[in-house]
1. Suppose every Lys and Arg Cβ carries +1 and every Asp and Glu Cβ carries -1, with no other charges. What dipole size does the chain come out with about its Cα centre, to the nearest 20 debye?
2. Would you mind computing, in nm to one decimal, how far apart the modelled labels at residue 381 and residue 57 are, each placed 7 Å from Cα along Cα→Cβ?
3. In the range 60-183, what % of DSSP beta bridges are antiparallel (nearest 5)?
4. Could you list 346, 5, 256, 203 so that the one with the fewest beta carbons within 10 Å of its beta carbon is first and the one with the most is last?
5. Sequence-distant or interchain residues sharing an amide H contact under 5 Å with residue 327, placed H: which?
6. Given the options 66, 84, 24, identify the residue whose Cα lies farthest towards the positive end of the charge dipole of the range 6-89 (+1 on Cβ of Lys, Arg; -1 on Cβ of Asp, Glu).
7. Taking the Cβ of residue 31 as the centre, find all other residues whose Cβ is under 9 Å away and add up their charges (Lys, Arg: +1; Asp, Glu: -1).
8. Using Cα positions and a limit of under 20 Å, work out the lysines in reach of residue 205, with same-chain residues fewer than 8 apart set aside.
Amino acid sequence: MKTPLATTPPMGWNSWNTFGEKINEDVVLRSADLFVKLGLKDAGYQYVVIDDCWSLKERDPKTDEIVPDPKKFPHGMKYVSDYVHRKGLKFGMYSCTGVRTCGDYPSSFGHEYLDARTFAKFGVDFLKYDYCNVPIAGYAKLFYRRMGQALRNSGREILFSACEWGAEDVWSWIRSTGASMYRSTGDIFDNFESMKGIAKSQLEKLYASAPGCWNDMDMLTVGMYGNGNVGKAENVQTLENYKLQFALWCVYGSPLMLGCDIRKLPDMPEILKLVTNKDLIRINQDPLGLQAYQAQEWWGSDGGFIVRLLDNNEIALLCVNYTEGDLNMYCLLENLGFPYESGLKLRMRDVFTGKTSVSGRDNFHVDVPAKGCRCFIAKPVKA
Ligand code: GLA
C-alpha cells in the first residue's frame, strides 16, 4: 500500500513572507545551499518553495503556458529544480484557482491541466494553490478538486498545498481533493496579534488535521524581526514571541514552512537554534499525528495549557501566556487526565533548557514569560 505524501506535517521554506514580488533565482539557490549547510535539512526541512510573482505577466501567446520571468529566473525553472534536487531537497511552486494570482500574475483557472503539466515539466514536487480572483464565489470544492485531479494526472508526484484561507469550511472537505495541507486562515503578518489570532482561531478546528492532510497555519514569521514583505519596523517581535509561535505551530501539528530570510540565519543563532530544536520538531512530527487540544484555560486571563499526546506515552505540554506580563501559572493534573487516584505525576523536560522537573500529584506551577511560553515533553511516572 502506498503511504500518503504527508504522513507528518510538511517542513520547508516559502519565499512570500520575506521576498514577496522580489523573488529570484539567486535567493532560491542560496537558500537551498543553506538548508544543507546550516543543518535545516538534517532537522527535517525539505521543501524549498517559490511563492507568487515568479512568472511573466502574460502567458506564452503560442503555447498558452505560464512562463518564468527571465529577469528573475534567467536559467528557467528546470535549472532551479535540478539544483534544489541535487541538494537532496524538494522543489515547490505556486499558482492560484482564479483568473489572476493574488499578485496579479497569470493563474490556473481554466488551465489546470496545462499548468499541472508545466509544473511537472519543471520538476516541481509541491504546489501551493491560492484562492484569489475566482470568477464565481462558492465553488471552492470544484476548483480544488479539479486541480487535485490535474496534479494526479500530471505524470509527476506533486504535493498539493491548498491555500484557501478557510472559506466554505475547507477543513471539512479538502482532504477529498488529495491535498496534503490546507491554509485555514487569512494571511499571517509578522506581529504578535496576527500570530495569536491564527492560533486561537484554529484550536477548535484541529480535529480535521491528521496524517495525510494537515491544517496549515501559514508560513512562520519566526526570525523576520519586522523585515520583509509581511513585516513592519514598528512591530518587531522578540525571541520570546517567536518561541511561542514556533511552539504553537509544533504542538498544533501545523506544517512548518519557514518564512524568514534563510541567508540571515547565520547571524541569528538564536533563531536557528529555535527552528532546529529537536524536541519541538519531534512534537510536530510525532508519528501518531493526534489532535492537540486546550486542556485548561488560564483563569481570568489570556492563555492556557495546550496538550498533544505523543507516541511512547509522552505528552507535549505547552503553557501559553498571551498577556503583557509574566505569569506564574498552574495546571491541574486532573485536567490532563490524571486524577489523584491515578497514582501518577509527570516527569517534565523543558524543551528549551533540557532541564527536568517532576510535577506534584495535584498540579504543577510554571513561570511563563509575557507573550511567551514554556513547553515540556512530559511522561507519567508513579507518584
Ligand atoms: C495570498 C496567500 C499568501 C501569498 C500571497 C501571494 O495572499 O494567502 O500566502 O501566497 O497570496 O500573492
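1. On the way: 45 positive and 46 negative charges, 232 e Å.
So the dipole magnitude of the chain works out to roughly 1120 debye.
2. 6.6 nm
3. Values: 1 of 13 bridges.
Counting only bridges with both partners in the range 60-183, antiparallel ones make up about 10 percent.
4. Numbers: 346 23, 5 18, 256 27, 203 14.
Ascending number of Cβ neighbours within 10 Å: 203, 5, 346, 256.
5. Residues meeting the amide H criterion: 368, 370.
6. Of the options given, the answer is 84.
7. Values: positive: 30, 263; negative: 33, 261.
Its environment carries a net charge of 0.
8. Candidates past the 8-residue exclusion: 141, 196.
Every number in this text was worked out from the coordinates using simple rules, so none of it is lab data. From a predicted model like this one, the values you see are computed outputs, not experimental measurements. Heads up, the Cβs are rebuilt from the backbone with ideal geometry, glycines too, and the neighbour counts pull from every protein chain shown.
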